[in-house]
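Q: Below you'll find the structure I mean.
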Amino acid sequence: MAISFNEIPTNYRAPAQFVEFNNSMAMQGATQMEYKVLLIGQKTLAGTAQAEHTQIVSSYEDAVKLYGAGSHLALMVDAYRKQDMITKLYCIALADDASSVKASAKMMIAGTVTIPAPLMLYIGGKSVRIPAMIGNTASEIANSAVIAINALTSLSVTATANAGEVILTAKNAGEVGNEVDLRLSYYDEIKPSGISIDFEAFSGGAGNPDITPVIATMGDDWYHVISMPYTDRANLRVMEDELIDRWGPLRHIDGICITARTGTFGELVTFGEEGEQGNYENIVIIENCKTPDLPYVRAASIAGNVAYYGSIDPARPFQTLAMTGLLAPKVDDRLTMYEQNQLLYSGIATTQIDAGGKVQIQRVITNYQKSPSGADDTSYLDVNTKLTLSYLRFDFRARILRKYPRHKLATDASEVSPGQAIMTPKLGKAEAVSACQDWIELGLVENMSMFKEGLICERNPLDPNRLDWRMTPDLVNQFRLGAAQIQFRL
């Protein structure tokens, strides 16, 4: 029997006893997949990080130093880390585009306080406590509001006062600033009497930065979950095109991108169904309908849950997972069951509210709705499908690369010595079956008999150095809906 040694030479004559180690069979069973997450967003001038460079970030405090308090990335890191403190988290910052415009809003105050109470202002889901003492005029309250707002550096805006008006300006320029929610007394706090307050909503923000430089910075680094603030069609297309390429058979660095969009129910349905521009197979668009929170904060929160629990079990559904730190819409503003269902049929992922008012994931879907030929297609609807396929490919590649790194290739008919480093179609088929058994034990696939029936492993007819597999794994599904009929008797 001739053994294939990796390092011990055959042309050595002096007396000796050599022993080498071979770790190709050391790993047993399936391979653990370690997730990496990427957050993309804008920084402020106060941030020390260089734009368009990758930075690993461990905490919110680090993010504030790197990207500036109240910046997209600082707030996204804060939201993400509230859900997931384990997964490696990377960020790529963008500077405000030179031609972009910052969104702004107004809070207009009139009257004089007759019954005092703190004025509770909520900006992007964060509360600001503004003193309103008896006898305070509109101008005095406006000045107090500016002091309180600017003192809370984690806010996404800054404030100035002008004769009873508070002018709020987004810290980062671009369309994203138009989606900052502005309201009073989210928890129905008592308001001061004698004054009236009106709002002009955030508007005027224009010119999101182009994420194309981010794609170049990403290179071939593998990020399993990506989140960004942008839902303009240009940036969504850039991201989708990159992810399609990453999912291809040559790069093997697939991932999904999670973002969120603010709008009414009707606006979100329209946006989700614009198939000619959308139909994103690898992008999740979360509804941000009448919620106090910033959309990119909501997206980062959901990304944290998807990354953390997806790395544990990619096939297990995310429904009912709660997002720490998010605020629910007021009861009258919440989506109805019909509206949630319609959004899910329009390529928009949904959340729900539990009995205690906590925001939960309802269903995380991609925007994919049509096949390339235009037929209705649900093959890539659920993110669990994408995550499971990603793991199956990763594990099978790792198995082959680890166990057969420098093997020769022979036909099944060859008389192969057991000690030789030779791969055959029969051995390749056995490896595929073994991998499927591991996946079944992990609860990722089912139906071994169908897998074996559809399995092909053969030498390529055009390349004698190539072995081809065709595998037909039956992915497990998610228990999302139960239906029962009670046929009673009297």
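The values are calculated or read from the model by the stated rules, or taken from the named source; none is laboratory data. These figures come from a predicted structure and were not determined experimentally. All Cβ positions, glycine included, derive from the backbone under ideal geometry; neighbour counts span all protein chains shown.
Q: Among the residues that make up the range 294-308, is at least one of them assigned to a loop (DSSP other than H, G, I, E, B), modelled with pLDDT of 95 or more and not acidic (Asp, Glu)?
A: Yes, because at least one residue in the range 294-308 is assigned to a loop (DSSP other than H, G, I, E, B), modelled with pLDDT of 95 or more and not acidic (Asp, Glu).
Q: For the list (1) touching a Gly at 6+ places or on another chain (Cβ under 6 Å); (2) within 20 Å of residue 101 (Cα to Cα), I need the number of the one condition that residue 224 fails.
A: Checking residue 224 against (1) touching a Gly at 6+ places or on another chain (Cβ under 6 Å); (2) within 20 Å of residue 101 (Cα to Cα), the one that fails is (2).
Q: So how many residues does the range 187-202 have that are assigned to a loop (DSSP other than H, G, I, E, B) and not hydrophobic (A, V, I, L, M, F, W, C)? Please lay out each step first, then the result.
A: Of the range 187-202, the ones assigned to a loop (DSSP other than H, G, I, E, B) are 187-192.
Retained after the next criterion (residues that are not hydrophobic (A, V, I, L, M, F, W, C)): 187-189, 191-192.
The number of residues fulfilling the criteria is 5.
Q: Only residues that are crowded, with 16+ Cβ neighbours inside 10 Å, among the acidic types (Asp, Glu) and either closer than 14 Å to residue 427 by Cα or touching a Cys at 6+ places or on another chain (Cβ under 7 Å) (or both): list them for the range 381-416, please.
A: none
Q: Check residue 79 against each of (1) closer than 20 Å to residue 293 by Cα; (2) surrounded by fewer than 18 Cβ atoms within 10 Å (Cβ to Cβ) and name the one condition it does not meet.
A: Residue 79 satisfies all of (1) closer than 20 Å to residue 293 by Cα; (2) surrounded by fewer than 18 Cβ atoms within 10 Å (Cβ to Cβ) except (2).
Q: Of these, 122, 187, which one is under 18 Å from residue 78 (Cβ atoms) and not assigned by TED's automatic domain parsing to the domain that holds residue 60? Outline the logic, then answer.
A: Values: 187 fails: under 18 Å from residue 78 (Cβ atoms).
Of 122, 187, the one residue that is under 18 Å from residue 78 (Cβ atoms) and not assigned by TED's automatic domain parsing to the domain that holds residue 60 is 122.
Q: May I pose another question? Hey, can you tell me all the residues within the range 12-38 that are of a type in the set (Asp, Glu) and either in the same structural domain as residue 443 (by TED's automatic domain parsing) or under 30 Å from the mean Cα position of the chain (by Cα) (or both)?
A: Of all residues in the range 12-38, those of a type in the set (Asp, Glu) come to 20, 34.
Selection gives 34 alone.
Q: Further question: Is there a residue being part of a helix (DSSP H, G or I) and over 23 Å from residue 250 (Cβ atoms) anywhere in the range 453-461?
A: Initially, the range 453-461 is screened for residues part of a helix (DSSP H, G or I), giving 453-454.
Then drop every residue that is not over 23 Å from residue 250 (Cβ atoms), which leaves 453-454.
Yes.
Q: Check the range 342-360 and report whether any residue there is in a strand (DSSP E or B), of a type in the set (S, T, N, Q), without any contact (Cβ under 8 Å) to a residue 60 or more places away in the chain and assigned by TED's automatic domain parsing to the domain that holds residue 241.
A: Yes, the range 342-360 contains a residue that is in a strand (DSSP E or B), of a type in the set (S, T, N, Q), without any contact (Cβ under 8 Å) to a residue 60 or more places away in the chain and assigned by TED's automatic domain parsing to the domain that holds residue 241.
Q: Starting from residues that are of a type in the set (Asp, Glu) and over 17 Å from residue 300 (Cβ atoms), keep the ones in the range 39-97 and report whichever is farthest from the chain's Cα centre (by Cα). If you could, list the steps in order and put the result at the bottom.
A: First, pick out the residues of the range 39-97 that are of a type in the set (Asp, Glu): 52, 61-62, 78, 84, 96-97.
After this cut, where a residue has to be over 17 Å from residue 300 (Cβ atoms) as well, the list is 52, 96-97.
Details: 52: 19, 96: 22, 97: 24 Å.
So the residue we want is 97.
Q: OK, next. Could you list, ordered by first residue, the pairs with Cβ atoms under 6 Å in which the first is in the range 305-328 and free of Cβ contacts under 8 Å to residues at least 60 places away in the same chain and among the hydrophobic types (A, V, I, L, M, F, W, C) and the second is outside any helix (DSSP H, G or I) and surrounded by fewer than 22 Cβ atoms within 10 Å (Cβ to Cβ), at least 6 apart or interchain?
A: Taking only residues 6 or more apart or on different chains, the pairs are 322/358; 322/360; 328/353; 328/357.
Residue-by-condition table, conditions (1) of a type outside the set (S, T, N, Q); (2) more than 30 Å from residue 198 (Cβ to Cβ); (3) at pLDDT 95 or above:
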position: 30; (1), (2), (3): yes, yes, no
position: 50; (1), (2), (3): no, yes, yes
position: 68; (1), (2), (3): yes, yes, yes
position: 106; (1), (2), (3): yes, no, yes
position: 113; (1), (2), (3): yes, no, yes
position: 123; (1), (2), (3): yes, no, yes
